[in-house]
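In what follows, a structure is listed as structure tokens, so that the remarks can point back to it.
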Amino acid sequence: MTHRRIPPASFAVGEHGGGSGGGNDGNRGDRDPDRDDANSGDGDDPTGEDDTDRDDRNREDGRSERAKREPMTVRPLRDRRYVVETDGGTYVVALDAGTCSCPDHEIRGERCKHLRRVAIEVTEGRIPAPDERVGVCAVCGVETFVPFAASGPRLCERHDFERGDAVYDRETGKLLVVTRVTARRADEYRTDEGRTIEAYPTNAAYGAHEPVVEAVYAESLGPAHGIDDARRYGFPASRLVPVDVARED
Ligand SMILES: [Zn+2]
Ligand SMILES: [Zn+2]
């Protein structure tokens, strides 16, 4: 399991994604002459584009720049939308619908700087995507983005495990291989003996709220005995530490 973000392609920040229209904000003095313009090579091209196209493009570039640089505070709401606070006002953006409550969008139908800013912050992982919420890692408490519908304890990227990860047990020093990270807490998950993982004395030093990680002992594996054949054991997540050295068979 991983919380690594797959950039949501539908929210990609297009440099020239908007329509044309009568925006009045394309010529402010805050443009950086050496900005990384995706079309910077176009200047001398005999493209034959007319002045209207060029004006539209300049306005688009200006809007993209302001989306990146202007001070704005973006906060996710609980209904998949975002509040964007700027010096000029506070607006509500619905990223999946592509709408914003500002006049630039509502009246002129532009892909405004607020929409762009939200898309940028989502893509860069600074705020959750519309289908995500903020979760807290059960081991270190760091905030991590999790699917909205997900329940159960969560782990951040640093403390999460993948199936097949080699780990050491902090209590015994034994080598194990992770088979899965469960969505159950150490005080919920019961072993075959009917006890919770938390109830075992060897787990006293680990959090009852941590997700249980299932693993098999490396010594129980063999050429004809893979991780699905071996007996699985549950551990509080922080009891297992990744082995960073490459394994040899
Ligand atoms: Zn807007
Ligand atoms: Zn963590």
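The values are calculated or read from the model by the stated rules, or taken from the named source; none is laboratory data. Everything numeric in this text was worked out from a predicted model, so none of it was measured. Ideal geometry is used to build each Cβ from the backbone, glycine not excepted, and the neighbour counts take in all protein chains shown.
Quick look at the numbers
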read-out	value
Test: residue in region 58-71 that is modelled with pLDDT of 90 or more, surrounded by 19 or more Cβ atoms within 10 Å (Cβ to Cβ) and touching a helix residue (DSSP H, G or I) at 6+ places or on another chain (Cβ under 6 Å)	no
T52 being at pLDDT below 85 and either touching a Ser or Thr at 6+ places or on another chain (Cβ under 9 Å) or within 16 Å of ligand 1 (Cβ to nearest atom) (or both)	yes
Given (1) surrounded by 14 or more Cβ atoms within 10 Å (Cβ to Cβ); (2) polar (S, T, N, Q); (3) under 24 Å from C140 (Cβ atoms), index of the condition S220 fails	(3)
Within region 106-199, strands (runs of 3 or more DSSP E) holding 2 or more residues that are within 16 Å of ligand 2 (Cβ to nearest atom)	132-136, 143-147, 175-185
First in region 112-141 and not assigned by TED's automatic domain parsing to the domain that holds R80, second anywhere and within 16 Å of ligand 2 (Cβ to nearest atom) and part of a helix (DSSP H, G or I), Cβ under 6 Å, 6 or more apart	V139/A237; V139/S238
Neighbours by Cβ (under 6 Å, 6+ apart or cross-chain): first from region 75-103, within 9 Å of H114 (Cα to Cα) and hydroxyl-bearing (S, T, Y); second part of a strand (DSSP E or B) and at pLDDT 95 or above	Y91/V84; Y91/C100
